[in-house]
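K.L.:
Mind looking over this structure? Questions follow.
Laboratory data are not the source of any read-out in this text; all were calculated from the coordinates shown. Owing to the predicted nature of the structure, the values given are computational and were not obtained by experimental measurement. A quick note on method: Cβ atoms are made from the backbone with ideal geometry, for glycine too, and the neighbour counts reach across all protein chains shown.
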Amino acid sequence: MRVVAKFGGTSLGSGDRINRAADSIAAAVEAGHEIAVVVSAMGSTTDSLLDGIQFDVAESDKAEIVSMGERTSARMVKAALSARGVDAAFVEPGGEHWPVITDSHGEVDVEETTRRAQALADRMGEVVPVLTGFLAEDHAGSVTTLGRGGSDTTAVMLGNYMDAEEVVIVTDVEGVMTGDPRVVEGARNVGEISVDELRNLSFRGAEVIAPSALNYKEPELGVRVVHYQHGDLLQGGTSIEGTFETLIDLQETPLSCLTVAGRAIRNRPGILAALSGALGDVGINIDAAASGLDSITFYLYTEDATEAETVLHERVIDEDALSSVTVDDDFAAIRVSGGELPTQSGVVQGMIETLADEHVTAHDVITSATSVAVFVDWDDRERALSIVQDTF
């Protein structure tokens, strides 16, 4: 089996951890697997290098300076593997076999990177390449970087382009957990998680794998996250399933918009739960909700609007924090989710501007880390759907 194993900074943060990493790589090689290794800078090396730059510096010089962390890690891991009798070679920008190439815009040159990655893969039966993560090289031979989480990106990208069966991300967490074990008791490992679920968590603070790396995951490429103490590259941890797809969905049923206003809403703990709970008690489903400083808006099926207004009005009467409830009918919801949506700058602005150019009013826009919902007049739904589809 061909595997790309990425070791994060914490998993290489001491001599003992480097030995542990080398042992796990050597064991996989001994079992007959082809292993390529991607390394981050040891511990907090990159931060220390950046802290040392107390002067104006060109981006090209800055890239060269911060590259020293990954370059050192690659040499340390290569040496540890050689000490175990494994034929290994460090691979870095400027070297003959370096694969990751960027174009004049700083974006990965997919064609050239694929060609070089496949050439490197052809050598994996003879040698274990130890590659510097995070780094790239432009066509002029200068060092560039892949941005935040770049080592994860390097690993999954190469796993894709080298036709690997699996990418293993070795880090300081036991895969994906049900909660932060430093905060909650009883947190346990999640055996499988989808790319969409994980990206939602990553964009909201979970430090498991860089969201940008998951853009390179194809359906046939396995990606797994394991703890550095696990010691076995080929099992355990959390398996990341699926791949990103851009999905565009038009709500099939007309919606009504119910807005509850009140100047003291933001200072009333539990008010959202009280209002949504009251709707739930009578079996009314909420399609979407949004809140502001002095209002809460619910979108729900128009057929439920009259009953919902009655239920919410009772709450308005009972709650000093609330002043009024109003209803507006006949909206459609168009939702866009997944794909490269979270990494596309200005995508929401572009979609709204395009709708405006075609004289379609967007009455509301609700976003999450990985999706956008646009609410338009029911009669404009088909035209709006066509515009959104053209946008993506």
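K.L.:
Using only DSSP helix segments of four residues or longer, with each worth -39500 (n - 2.57), what per-residue ellipticity at 222 nm results for the chain after dividing by its residue count and rounding to 500?
P.N.:
So the helix-based figure for the chain works out to -10500 deg cm²/dmol.
K.L.:
What is the local net charge at Val91, summed over the other residues whose Cβ is closer than 13 Å to its Cβ (Lys, Arg +1; Asp, Glu -1)?
P.N.:
For residues surrounding Val91, the net value is +1.
K.L.:
Pop the C-beta distance of Thr310 and Thr391 into the FRET formula with R0 = 41 Å and round what comes out to the nearest 0.05.
P.N.:
Numbers: r = 39 Å, r/R0 = 0.95.
For R0 = 41 Å, the calculated efficiency reads 0.60.
K.L.:
Want the number for Asp23 to Thr246: 0.36 nm per residue separation, take away the alpha-carbon distance, what's left? Before the final figure, lay out each step's value.
P.N.:
Values: separation 223, 0.36 × 223 = 80.28 nm, distance 4.06 nm.
Value of the extension gain: 76.2 nm.
K.L.:
Would you kindly derive the ³J(HN,Hα) couplings of the stretch 298-307 from the backbone phi angles with the Karplus curve 6.51 cos²θ - 1.76 cosθ + 1.60 (θ = phi - 60°), listing them in order in whole Hz, with x for Gly and Pro?
P.N.:
These are the phi-based 3J(HN,Hα) values: 10, 9, 8, 4, 4, 5, 9, 5, 5, 5 Hz.
K.L.:
Which value, in debye to the nearest 20, gives the size of the charge dipole of the stretch 247-391 about its Cα centre, when Lys and Arg are +1 and Asp and Glu are -1 at the Cβ? It would help to have the intermediate numbers written out before the result.
P.N.:
Working: 7 positive and 26 negative charges, 134 e Å.
In debye, rounded to 20, the stretch 247-391 gives about 640.
K.L.:
Quick one: what are the phi-derived ³J(HN,Hα) couplings along the stretch 72-84, Karplus 6.51/-1.76/1.60 with θ = phi - 60°, whole Hz, x for glycine and proline?
P.N.:
3J(HN,Hα) across the stretch 72-84, in whole Hz: 5, 4, 4, 5, 5, 5, 4, 5, 5, 6, 4, 5, 9.
K.L.:
What is the calculated FRET efficiency for Ile352 to Arg268, with r their C-beta to C-beta distance and R₀ = 41 Å, to the nearest 0.05?
P.N.:
That gives a FRET efficiency of 0.85.
K.L.:
What number comes out for the charge environment of Ser386, summing +1 per Lys or Arg and -1 per Asp or Glu over other residues with Cβ under 11 Å away?
P.N.:
Net local charge, Ser386 excluded: -2.
K.L.:
I've got another one for you. Using modelled amide H (1.01 Å from N, peptide plane; none on Pro or chain starts), what sits under 5 Å from the amide H of Gly13, excluding residues fewer than 5 places away?
P.N.:
Gly43
K.L.:
How would the stretch 2-241 be classified by its alpha-carbon gyration tensor: rounded, prolate or oblate, with rounded meaning a/c under 1.5 and the a/b versus b/c comparison settling the rest?
P.N.:
rounded
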